[in-house]
């Protein structure tokens, strides 16, 4: 090796060590201002039907580690009432307050104001969910239309009534609020209990804070109310997008301790990565495989953080979907064939080949490549991988294109399917030894979210999986005619 190449290699290794430290800081939630904000349909196969899903699916179950949360049987969680009278808080442990809450958009009300309003100005919404998933007009099908959704920035009040068992009166309970973006005030049974940051009606008025907090209280009756004012002018997700948890104070505090241990353990794992990386640099300069793997993990984590913070630029233009799908499929055909798989491209019969979408073509092809790579990972030799697209017109949704990848692989278990688009989550491949960190699908979801689309998956164990995303059809013919 020449001296110049030796210096380049060692510079690369030192950069890798620095990246490891950055990764550790990210795990420890240390603010990195250059990465994060300052405050911060049925596919033509035999698989289960393709459902149009909302982007809140991923938000609704992002919960803490070691979470022993139960959903109480025989409960009513609609109409602004969560009936937990059948909850055995000693036996069952922590429960959530998921359900329909009263929601006052662009209004900050305290419990007295809500009582005076008599809920006339309220809308019933599902919690948890980002409020940008709520329709500005909840009547007919308007709630499904992207253009009718609420803005990600704004302020609102949430209110719900909770019915507890009679035995809960006088006992010590706690509410655990993992995430409420990005500032909130909390009242429990009409008494202000605290909050995070400073709620305001503009970015200048509010002070953002978003970290897990618990709030103690002792119910004096079997029914109580919970009122939460929330404002968000910082993050892409606003509102109560994570489950609020209720349990005895002892169990909530135990859970917080367990989560602290988990986070410390996770930080320890990445610290070991950093030291191992340093070891490779100092003692084994020719051992590059582990360095490349860790580099890829760090790059993926940095990319995901930037996507989540919306600190990426998109080169949006009309994209001919047929051309894009075929380009990605043909580009990976050789790799799939070397893995012993047969690739099939499925084209729709109608409409024709000239359907366009408004997208960043490189980011779009990044998602398709990830889908095909996963299909290859989970499909045994002699299996089949299909990639295709279809156009949906009319119906309840705007005209849209769905791009899908199916495989005849091992499938994904039902209990794993809801988690596959979360960061760090990995379903276990049956025949593949290459492992990542479970960031690829999380990156895909953020890319499709930025495009205003939907992403999802379905699977049957032993038969295969379907991954898809849907984006609106691009309708501006004049721009296409103008050569853009």
I need the full set of residues from the range 109-135 which are over 25 Å from the mean Cα position of the chain (by Cα) and surrounded by fewer than 17 Cβ atoms within 10 Å (Cβ to Cβ), in order please.
110, 112, 113, 115, 116, 117, 118, 119, 120, 121
All but one of (1) modelled with pLDDT under 90; (2) in contact with a helix residue (DSSP H, G or I) (Cβ under 6 Å, 6 or more places away or on another chain); (3) under 20 Å from residue 444 (Cβ atoms) hold for residue 315; state the number of the condition that does not hold.
(2)
Return the total of residues in the range 179-196 being surrounded by fewer than 21 Cβ atoms within 10 Å (Cβ to Cβ) and under 26 Å from the mean Cα position of the chain (by Cα).
1
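Of everything in the range 176-195, what is part of a loop (DSSP other than H, G, I, E, B) and over 19 Å from residue 163 (Cα atoms)? Give them in sequence order. Give the derivation first.
First, pick out the residues of the range 176-195 that are part of a loop (DSSP other than H, G, I, E, B): 178-180, 182, 189-190.
Matches in the range 176-195: 178, 179, 180, 182.
If I filter the range 463-471 for residues that are modelled with pLDDT of 90 or more and on the phi > 0 side of the Ramachandran plot, do I get at least one hit? Reasoning before the result, please.
Kept after step one, since they are modelled with pLDDT of 90 or more, are these residues of the range 463-471: 463-471.
Filter once more, so that each one left must be on the phi > 0 side of the Ramachandran plot: 464.
Checking the range 463-471: at least one residue is modelled with pLDDT of 90 or more and on the phi > 0 side of the Ramachandran plot.
Residue-by-condition table, conditions (1) outside any helix (DSSP H, G or I); (2) outside the structural domain of residue 438 (by TED's automatic domain parsing); (3) surrounded by 14 or more Cβ atoms within 10 Å (Cβ to Cβ):
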{"position": "303", "(1), (2), (3)": "no, yes, yes"}
{"position": "322", "(1), (2), (3)": "no, no, yes"}
{"position": "325", "(1), (2), (3)": "no, no, yes"}
{"position": "332", "(1), (2), (3)": "no, no, yes"}
{"position": "340", "(1), (2), (3)": "yes, no, no"}
Considering the range 218-233, residues that are surrounded by 23 or more Cβ atoms within 10 Å (Cβ to Cβ) and closer than 20 Å to residue 310 by Cα, and then whichever is modelled with the lowest pLDDT, we arrive at 232
Would you pick out the residues in the range 406-452 that are in contact with a helix residue (DSSP H, G or I) (Cβ under 6 Å, 6 or more places away or on another chain), in a loop (DSSP other than H, G, I, E, B), at pLDDT 85 or above and within 17 Å of residue 464 (Cβ to Cβ)?
409, 410, 420
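The values are calculated or read from the model by the stated rules, or taken from the named source; none is laboratory data. Just so it is clear, the model here is predicted, and its values are computed rather than measured. Cβ atoms come from the backbone with ideal geometry, glycine included; neighbour counts cover every protein chain shown.
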